[in-house]
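Asker: Following this message is one structure expressed as structure tokens.
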Amino acid sequence: MGARLLPRTLPELFSYSLAIEREATKRYTELERFLRAIGVEHIADEFERLGREEREQYEVIALGTSGRELPELAGWELSWHFAAQAAEAHAPCSTRQAIAMALSLERRTQAFYNDVAEHARNDAVRAFAAEMANDEQRHVLRLEILL
């Protein structure tokens, strides 16, 4: 198995982050709908809040990078993230499974940002990745409480 390539510059990391946050927003919306359909309103409300936070994070990064040319990512560059998610792409069968799916997504994302924060050579890249990892940790903790 080949080594995962990590972003080396802020524009590269911003490209990764935009893709990750966009997908997280989409996934939370799907899971929220499922939870509402089965009548678990209080957990659906939390998923709605988490999805909103992901969308806001996306918007902040998009606004901060508007007018800048960001590198396009090849599909395989995020395969570590989306391949695992594709395996979970089926609809959840229970509230617990929906929470576990969201938790898995957040943990993969946090691991990515921690990896970048630990191994990037650029100080700004490390700092932004560490900040994003901390944000993901807050989501992980909230989801763990729901389990």
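The values are calculated or read from the model by the stated rules, or taken from the named source; none is laboratory data. Everything quoted here is computed from the prediction, not taken from an experiment. Counting neighbours? That spans all protein chains shown, and the Cβs are built from the backbone with ideal geometry, glycine included.
Asker: Mind checking whether some residue in segment 105-113 is more than 13 Å from the chain's Cα centre (by Cα), surrounded by fewer than 16 Cβ atoms within 10 Å (Cβ to Cβ) and part of a helix (DSSP H, G or I)?
Answerer: Checked segment 105-113: no residue is more than 13 Å from the chain's Cα centre (by Cα), surrounded by fewer than 16 Cβ atoms within 10 Å (Cβ to Cβ) and part of a helix (DSSP H, G or I).
Asker: Go through segment 1-37 and give me each residue that's at pLDDT 90 or above, of a type in the set (A, V, I, L, M) and surrounded by 14 or more Cβ atoms within 10 Å (Cβ to Cβ).
Answerer: Leu10, Leu13, Leu18, Ala19, Ile20, Ala24, Leu31, Leu35, listed by residue number.
Asker: Right, here's the next one. Any chance you could count how many residues in segment 114-126 are buried (at least 16 other Cβ atoms within 10 Å of the Cβ) and closer than 12 Å to Leu13 by Cβ?
Answerer: Total satisfying the criteria: 6.
Asker: Further question: So, in segment 53-91, how many residues would count as being surrounded by 14 or more Cβ atoms within 10 Å (Cβ to Cβ), at pLDDT 60 or above and charged (D, E, K, R)?
Answerer: 3
Asker: Are any residues in segment 51-65 within 16 Å of Arg27 (Cα to Cα) and of a type outside the set (Phe, Trp, Tyr), and if so, which ones?
Answerer: Within segment 51-65, Gly51, Arg52, Glu53, Glu54, Arg55, Glu56, Gln57 qualify.
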